[in-house]
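Chemist: Got a structure here, written out as structure tokens. Questions coming.
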Amino acid sequence: MTPATRQEVLGLYRKVLQIARNWQSASGLIEETMREKEYIRSEARTLFRKNKNVTDPKLIKQCIEECEARIEIGLHYNIPYPRPIHLPPMGLAHKQGRTLRHQEKLRKISKPIYLKSHDEVS
């Protein structure tokens, strides 16, 4: 990791923690605000620690883009949790074979950038 990339990652981590410190839930309830603040901190801790040994520049760039996307979406919608996506069910594919592999590939490709690491952690 280059020093510039390291500074960018640390800056994003600080930014997430600052957002958590100043977070206000949409409902305005204190309990919900505290729960959401703790979720933001724990999610950031978990994901940053999980990716601390990543050395591939492409993967680092992808993680940075995911973090920035989640920050923007969270601030825009005032929801700290990843927004759900609606993918078509795989009910038409056979249990094995080419069609199933193709549908699994399409589902993986169509997953938004801000959810790439969410399923791995949850």
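Chemist: Going through segment 10-25 one residue at a time, which ones are surrounded by fewer than 13 Cβ atoms within 10 Å (Cβ to Cβ) and over 14 Å from Pro80 (Cβ atoms)?
Modeler: Of everything in segment 10-25, those that are surrounded by fewer than 13 Cβ atoms within 10 Å (Cβ to Cβ) and over 14 Å from Pro80 (Cβ atoms) turn out to be Leu10, Gly11, Arg14.
Chemist: Of all residues in segment 1-14, which are out of contact with any Cys (no Cβ under 9 Å at 6 or more places or on another chain) and closer than 17 Å to Ser42 by Cβ? Don't jump to the end; show me each part of the working.
Modeler: From segment 1-14, those out of contact with any Cys (no Cβ under 9 Å at 6 or more places or on another chain) are 1-8, 10-11, 14; that's our starting set.
Once the filter is applied, which keeps residues that are out of contact with any Cys (no Cβ under 9 Å at 6 or more places or on another chain) and closer than 17 Å to Ser42 by Cβ, segment 1-14 yields only Arg14.
Chemist: Would you confirm, using the coordinates I've provided, whether Pro57 is modelled with pLDDT under 95, within 26 Å of Leu106 (Cα to Cα) and either small (Gly, Ala, Ser) or under 12 Å from the mean Cα position of the chain (by Cα) (or both)?
Modeler: Working: modelled with pLDDT under 95: yes; within 26 Å of Leu106 (Cα to Cα): yes; either small (Gly, Ala, Ser) or under 12 Å from the mean Cα position of the chain (by Cα) (or both): no.
When the stated conditions are applied, Pro57 does not pass them.
Chemist: Sort out which residues of segment 26-74 are more than 17 Å from Met1 (Cα to Cα), in a helix (DSSP H, G or I), open to solvent by 90 Å² or more (accessible area, probe 1.4 Å) and not charged (D, E, K, R), and write them in order of number.
Modeler: Answer for segment 26-74, where residues must be more than 17 Å from Met1 (Cα to Cα), in a helix (DSSP H, G or I), open to solvent by 90 Å² or more (accessible area, probe 1.4 Å) and not charged (D, E, K, R): Ile30, Met34.
The values are calculated or read from the model by the stated rules, or taken from the named source; none is laboratory data. Keep in mind that this is a model prediction, so the values were computed, not measured. All Cβ positions, even for glycine, are placed from backbone atoms using ideal geometry, and neighbour counts span all protein chains on display. Calculation scope for accessible area: heavy atoms of the full protein, side chains included, ligands and nucleic acids excluded. Shrake-Rupley method; radii C 1.70, N 1.55, O 1.52, S 1.80 Å.
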